[in-house]
Amino acid sequence: MRFRPPLGRPVLAVKPRPGGRAVLRVAVVSAHSAMRTAICAALDTSFATIIGEADGARNAIALAAAAHPDVAIIDLDATADSIATARQIRRHSPATQVILVSTEAALQQKLVDGLRAGARGVVLTSDPAGDLSQALAEVASGLVHLSPSISDAMLKCVLQRQVPAPTELSEREREVLTLLIQGMKSREIGTRLGITTSTVDAHKTRIRTKMGVQSTAQAVLQAIEHGLTAAAREQ
């Protein structure tokens, strides 16, 4: 039976698994105990340990400030002020990555705001259970995880936002960036566009340089914030 620490109280000592594989320390935030239980049950315990649960913003922020979890999973639908909670968790524990769990209906309104608040992963409640563990591993590695099921919804949100002046990205670079936002990897992008993986990686390097960011994840988030992919879709 999984050990469940009291709400808002972290377990500070987490022993590594045999073999030296890193164990991700995870905090779970939801107003509903059933959702917290479901999230905990969906995680792969071979590399993730629940260090604490919180039923609201105050407990969540206190938990993050005290325990500095590697990842905080927030129920977007059932947590009051969930966007502000994500932002405050990132403020009090900058190294903590945030994953949002949501229904598609709620996500339509909160997706962009959630990403701007610092979330690096989005998983739908309708996604397969294994997707949550995949999201956990990806955000802990510095990547952005967006559920394939919400890529279209996300782009609709982007298209509804005001599109800024065209950037200096080339047409091909905008195509690559659009596919990155949809969650594709370099090899998949190469197949889609008929170019080699090394060419895709070269485009990614130029995208980061032109956008003034250090990582592809930052480029994706900046594109979502400013609607840079909208121009590419309209061409």
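The values are calculated or read from the model by the stated rules, or taken from the named source; none is laboratory data. No experiment lies behind these values; they were computed from the predicted model shown. As a convention, Cβ positions derive from the backbone with ideal geometry for all residues, glycine included, and neighbour counts pool all protein chains shown.
Rundown of residues vs (1) modelled with pLDDT of 75 or more; (2) crowded, with 16+ Cβ neighbours inside 10 Å; (3) more than 19 Å from residue 27 (Cα to Cα); (4) in contact with an Asp or Glu (Cβ under 8 Å, 6 or more places away or on another chain), yes/no style:
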residue	(1), (2), (3), (4)
117	yes, yes, no, no
128	yes, no, yes, no
160	no, no, yes, no
164	no, no, yes, no
167	no, yes, yes, no
> Just one of 80, 72, 65 is at pLDDT 90 or above and within 14 Å of residue 100 (Cα to Cα); which is it?
Replying inline: 72
>> Quick check on the stretch 182-215: of everything there that is under 21 Å from residue 120 (Cα atoms) and in contact (Cβ under 8 Å) with a residue 40 or more places away in the chain, which residue is surrounded by the fewest Cβ atoms within 10 Å (Cβ to Cβ)?
In response: 215
> Does the stretch 138-150 contain any residue that is modelled with pLDDT of 85 or more, among the hydroxyl-bearing types (Ser, Thr, Tyr) and surrounded by 18 or more Cβ atoms within 10 Å (Cβ to Cβ)?
Replying inline: no
